[in-house]
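Q: This is the structure I want to talk about, given as structure tokens.
The values are calculated or read from the model by the stated rules, or taken from the named source; none is laboratory data. It should be emphasised that the depicted structure is a prediction, and the values quoted were computed from it without experimental measurement. When we count neighbours, we look across all protein chains shown, and the Cβ atoms used for this are built from the backbone with ideal geometry, even at glycine.
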Amino acid sequence: DAMVIQNPRYQVTQFGKPVTLSCSQTLNHNVMYWYQQKSSQAPKLLFHYYDKDFNNEADTPDNFQSRRPNTSFCFLDIRSPGLGDAAMYLCATSRGQGATYQETQYFGPGTRLLVL
Amino acid sequence: GENVEQHPSTLSVQEGDSAVIKCTYSDSASNYFPWYKQELGKRPQLIIDIRSNVGEKKDQRIAVTLNKTAKHFSLHITETQPEDSAVYFCAASGTGNQFYFGTGTSLTVIP
């Protein structure tokens, strides 16, 4: 009963070679998040979609982009991966009910990105 | 934006003892505070959460307390077991649907 699915689970890319990570969900949640988590650190929010509205965090590098073609899918594009972008990338979803009431987040299993 | 601080960064307890992890937040508009448990190589799993209109919530061996005035909330685990060993993260969410995480506490329960 996978609810938030991330593919692939492991991704190896070369320095500077664009890479796309994908996330899909069966929960019909309207909010989708992307987090970066480096070893022994907390998940760091990169951006999120509320429906089709994209919300970027102020400190997210321009190298990171996202697309959400429909409710179920969301993609993370890293345009020119550097060695410092090696991390676990976590997708999460929640049911948004406006800007001031938060619902539980459900996380996917993550994609571990290795940059060579 | 919101700033969440978490202490301690590491915690070791004997099996059967209690563990307490504390977090503070900066944004008075934050109104939802989840706690996550993350085992090595796995996704964060929600273990308990609390909203700002409640001061305390309990679920079996786990409880969370919230002090809105002081802007801090705490996780309490009683009768700890070896399987409680993991990294625990607090988080805060308010306006804008963002979630901001604390720095994490690595809990080790010694059998």
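Q: Spot the failing condition for B:Lys58; the list is (1) modelled with pLDDT of 95 or more; (2) part of a strand (DSSP E or B); (3) in contact with a strand residue (DSSP E or B) (Cβ under 7 Å, 6 or more places away or on another chain); (4) of a type outside the set (Gly, Ala, Ser), and only one is missed.
A: Of (1) modelled with pLDDT of 95 or more; (2) part of a strand (DSSP E or B); (3) in contact with a strand residue (DSSP E or B) (Cβ under 7 Å, 6 or more places away or on another chain); (4) of a type outside the set (Gly, Ala, Ser), only one is false for B:Lys58: (3).
Q: Can you tell me how many residues within segment B:22-58 are over 18 Å from B:Thr108 (Cα atoms), at the interface with chain A (Cβ under 8 Å from one of its Cβ atoms) and either under 13 Å from the mean Cα position of the chain (by Cα) or of a type in the set (Val, Ile, Thr) (or both)?
A: 4
Q: A further question on this structure: Return the total of residues in segment A:79-113 being more than 10 Å from chain B (Cβ to nearest Cβ) and aromatic (Phe, Trp, Tyr).
A: 1
Q: Follow-up. Among the listed residues A:Thr26, A:Thr20, A:Thr13, identify the single one that is farther than 23 Å from A:Asp62 by Cα and touching a residue at least 24 places away in the same chain (Cβ under 8 Å).
A: After applying the criteria, what remains is A:Thr26.
Q: Follow-up question, since we're still on this one. Mind listing whichever residues of segment B:64-95 are closer than 15 Å to B:Tyr32 by Cβ, crowded, with 16+ Cβ neighbours inside 10 Å and within 9 Å of another protein chain (Cβ to nearest Cβ)?
A: Listed by number, the residues that qualify are B:Phe89, B:Ala91, B:Ser93, B:Gly94.
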